[in-house]
Each structure stands twice: as structure tokens, then as C-alpha cells.
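Working notes, structure below.
Computed from the coordinates by the stated procedures, all read-outs in this text should not be read as laboratory data. From a predicted model like this one, the values you see are computed outputs, not experimental measurements. Note that we place each Cβ from the backbone using ideal geometry, even for glycine, and neighbour counts take in every protein chain shown.
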Amino acid sequence: MVNIAIVYYSCYNHIATMADSIKEGIESVDGVTATIYQVQETLSEELLTTIHAAPKKDHPIATPDTLKEADGILFGFPTRFGSLPSQMKAFFDSCGGLWAAGALVGKPA
């Protein structure tokens, strides 16, 4: 069985909704499963309330092991003026050890 990790960040759940649809498409293929993960939020609850952020979905939090254990990875996140959200940058930065060890070489992303 092939397992695909869908790793996303979404403040207003637009990307989370896309992740749900992508999972449905992936799992329409025989022998393939998908698990949706969200990256850790870095904004305070106070700020999230101020900007009217949507409640987070009940997806597990991604860790570097999420990437290591998956057969393939899909990332989803919004952009603002061409930059990725700081939450995704923090997640990617936490995966530096995987890069240094070559643990993701040959893994489709």
C-alpha cells in the first residue's frame, strides 16, 4: 500500500478544504492511501481571533517523521506577495535533519 502525506497550512480553511478533495482523489486509486496533516500554528489565539481565523480542522500535526514515513508528499499553503507563510517555513526548517541525512532523496513531493 502506498501512503501519501498531504501537509498543509491554512488560516481560513481554504487550503484545508482543498486537502480534503485531494485526499479523495488520491484514494480513488487502488492501493493508495492518503493522510492529511496540518503544520503547527505559530500565531497566538488572541491574534487568530482578531483576524477572524477559522477554527482548525481535526487533522494531526505534521512532524519531520511524517515526511520520512510517507511514500510521497503533497504540500499545500497560501502565498502572500509570493512568500510562504511563516508556519510552513518553520516546518520546513524543522526538517533540516532529514535533508542533511538524505532521508527524502527520491521521494516524490
Next item on the list: Determine Rg/Rh for the stretch 2-101; Rg is computed over alpha-carbon atoms and Rh is the Kirkwood hydrodynamic estimate from the same atoms.
Entry: 0.98
Next item on the list: Grab the Cα-Cα distance for V29 and L43, subtract it from 0.36 nm times how many residues apart they are, and report the gain in nm with one decimal.
Entry: 1.4 nm
Checklist line | Net length gained if the chain between F81 and V2 were fully extended (0.36 nm per residue, minus Cα distance) | finding: 24.9 nm
Notebook entry, point to check: PRE reach from A90 (point 7 Å along Cα→Cβ): which of the stretch 37-64 fall under 13 Å by backbone N?
Noted result: 39-48, 62
Item checked: FRET efficiency estimate (nearest 0.05) - Cβ-Cβ, T17 to T63, R0 22 angstrom -> 0.45
Check: If you count the DSSP beta bridges with both ends in the chain, what percent of them are antiparallel, to the nearest 5?
Finding: 5 percent
Next item on the list: Order the peptides 79-86, 3-10, 31-38 from the highest to the lowest mean number of other Cβ atoms within 10 Å of their residues.
Entry: 3-10, 31-38, 79-86
Checklist line | Over the chain, relative contact order from alpha-carbon pairs under 8 Å, at least 6 apart, % | finding: 35 percent
